[in-house]
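A short worksheet on the structure shown next.
The values are calculated or read from the model by the stated rules, or taken from the named source; none is laboratory data. As the structure is a computational prediction, the values presented were derived from the model and not from experiment. For neighbour counting, all protein chains shown are included, and Cβ atoms are generated from backbone atoms with ideal geometry for every residue, glycine included.
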Amino acid sequence: MLKDTGERIIPENMTITNDMLIEHVARYHFASELVYGRVLDFACGTGYGTHILAKNPKSDVTETIGIDLDPETVNYARGAYHHPKSTFLEGDVTDAGLPEKLGTFDCIVSFESIEHIQAEEQFLANVYALLKPGGTLILSTPFGKGRGKPCKSPFHVHQLTVAEFLQLFPAYASAHFYVQRSALIKPAEDHYAGQYPLGIAVCKK
């Protein structure tokens with residue numbers, strides 16, 4: 001049994017009414033309607049989301065690769081979420097050598113990861129390098145008080161403000177933003193975006 005750290009989503013250990021489980025699963029189902037081709041789940045955790053992306057019969061996904069830093073978590077994902085389209089690998093999302101090791105992807109999904117990462121610029125550089133021209137990035141994070149400011153979670157480096165989140169993607173050809181509360185995901189609008197705890201960006205390179 002994989003140990004629960006308080007941040008890790010382990011569906012088998014959670015009830016169907018758990019708010020954190022609901023919001024995480026909702027994001028992957030949202031993404032499953034957008035992804036195609038070769039897909040990278042960057043900081044995939046226990047692998048349930050990679051599995052959702054791989055098995056959606058309405059998508060044109062040909063391969064999913066889930067990357068996570070923790071070897072125990074990767075081993076759990078391999079055992080719990082086997083699928084012919086999926087591979088789970090151990091790796092650091094801030095490793096500058098990842099693009100050379102993995103090649104490029106049509107789509108990259110990275111949910112609730114950037115708030116854990118001190119080397120934010122390297123992480124974003126890797127995402128950009130790993131994404132094919134014309135490819136799709138889907139990235140989410142919880143909103144907070146901003147860079148360098150303490151937040152309630154002991155697992156987070158910090159939590160970006162809405163404005164900081166919107167400014168993360170200047171190199172992309174387009175970026176569309178959504179907000180989330182529990183299972184509800186809707187397009188972001190200036191007059192209410194700050195009222196939602198989570199943001200999602202869908203970007204085209």
- Query: Which one is farthest from the chain's Cα centre (by Cα), of the residues in the range 141-176 that are among the polar types (S, T, N, Q) and crowded, with 17+ Cβ neighbours inside 10 Å?
  - Reply: THR161
- Note on the structure: Residue set VAL93, VAL109, VAL162; condition in contact with a helix residue (DSSP H, G or I) (Cβ under 7 Å, 6 or more places away or on another chain), of a type in the set (Val, Ile, Thr) and at pLDDT below 95; output residue VAL162
- Hey, VAL179 among the β-branched types (Val, Ile, Thr) and free of Cβ contacts under 8 Å to residues at least 60 places away in the same chain or not: yes
- Message: Checking the structure you have, find out if any residue of the range 10-25 is buried (at least 20 other Cβ atoms within 10 Å of the Cβ) and in contact with a helix residue (DSSP H, G or I) (Cβ under 6 Å, 6 or more places away or on another chain).
- Response: no
- Only one of (1) modelled with pLDDT of 95 or more; (2) charged (D, E, K, R); (3) more than 25 Å from LYS152 (Cα to Cα) does not apply to LYS58, and that is (1)
- Query: Out of (1) aromatic (Phe, Trp, Tyr); (2) farther than 19 Å from LEU53 by Cα; (3) touching a residue at least 60 places away in the same chain (Cβ under 8 Å), what's the single condition that is false for TYR196?
  - Reply: (3)
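I'm trying to understand the selection: among the residues of the range 181-197, which are surrounded by 15 or more Cβ atoms within 10 Å (Cβ to Cβ), closer than 23 Å to ILE108 by Cα and at pLDDT below 95?
Selection gives ALA188 alone.
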- Of the criteria (1) assigned to a strand (DSSP E or B); (2) free of Cβ contacts under 8 Å to residues at least 60 places away in the same chain; (3) surrounded by 15 or more Cβ atoms within 10 Å (Cβ to Cβ), which one THR62 fails: (3)
- Item | Residue list for the range 31-53, filter: without any contact (Cβ under 8 Å) to a residue 40 or more places away in the chain and within 20 Å of ALA80 (Cβ to Cβ) | SER32, GLY45, TYR48, THR50, HIS51, ILE52
- Query: Going through the range 32-49 one residue at a time, which ones are more than 19 Å from THR73 (Cα to Cα) and not in a loop (DSSP other than H, G, I, E, B)?
  - Reply: SER32, TYR36, GLY37, ARG38, VAL39
